[in-house]
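Accompanying notes for the structure given below.
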Amino acid sequence: MQLDVFNTFRCTAADNGILFYYTGEFSQNVVAAIGDTLRQRLETVGAPQTARRKVFSTFVEMAQNILHYAHPGDAEGAPKEGALAVGRDGERFFVVCGNPIQLEHVPRLQEKLEPLRRMTVDEIKAAYREQLRNEDHEADGVSKGAGLGFLTVARDAASPIDYHIAFNPENEHGSQGRADFYLRALI
C-alpha cells in the first residue's frame, strides 16, 4: 500500500467517526481479541456504560454472524472473512459489518430482516422473548443458534437496522454464486 493511500484511508475513517475497524479472517480467537480491544477503545472515548453494553452486544452478534455464516470461499477449509467497524456519529455509536454470503441465503436474510425494520421496539422485545421460548429453531438446518442474533441487534439499536446486499457477478476471488452482505446498527 502506498503511504498516500494509507493516509487517505486513515483520514476517511477519522472523518466518518470510525473508532475501530477490522477486516480479515474471523475465528473465535480473533473475535475475543477484537472484543477486548473494542472494550478498551469504548472506555477510552468515554462511552456511557449503557452504550458500551449495547455496542459490545451488537459487535458480538455481528462478529458471530460473520464467523458462522460468511461464505468461506472456494478452497476447502478456507477461513471465514469479513469486515467490522465501530464508530461514533455525534452522541450515537454505530456498528457495521460486511461479509460474503451464498446467494441461496439471500431470501432467508431478507425474510428475517425486513420485518425487523418495520417493528416497534416493543414488538422486537416481544419477538425476542417469544423466540427464547421457541424450540422450532432446532429444525432450522442453517441457523447455528436460536435465531436471536438479528433480534438482539434490532433490540439494542436506536433506529431500524439497515442492511444491503450487493450482487456481484464475480467477486475479487473470481467466484460466482456469492453476494456481499452489509448490516448497520445505530446505537
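The values are calculated or read from the model by the stated rules, or taken from the named source; none is laboratory data. Bear in mind the structure is a predicted one, so any value in this text is a computation, not a measurement. Positions of Cβ are backbone-derived with ideal geometry, glycine not excepted, and every protein chain shown enters the neighbour counts.
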Review point. In segment 1-25, which residues are over 18 Å from Cys97 (Cβ atoms) and outside any helix (DSSP H, G or I)?
Key: Met1, Gln2
Exercise for review: Would you check if there is a residue in segment 37-55 being surrounded by 12 or more Cβ atoms within 10 Å (Cβ to Cβ), among the charged types (D, E, K, R) and either modelled with pLDDT under 90 or over 26 Å from Thr12 (Cβ atoms) (or both)?
Suggested key: yes
Review point. Within the set of pairs 6+ apart or on separate chains, which have a first residue in segment 113-127 that is in contact (Cβ under 8 Å) with a residue 12 or more places away in the chain, a second that is of a type in the set (Phe, Trp, Tyr), and C-beta atoms under 8 Å apart?
Key: Leu113/Phe150; Leu113/Tyr163; Leu116/Phe150
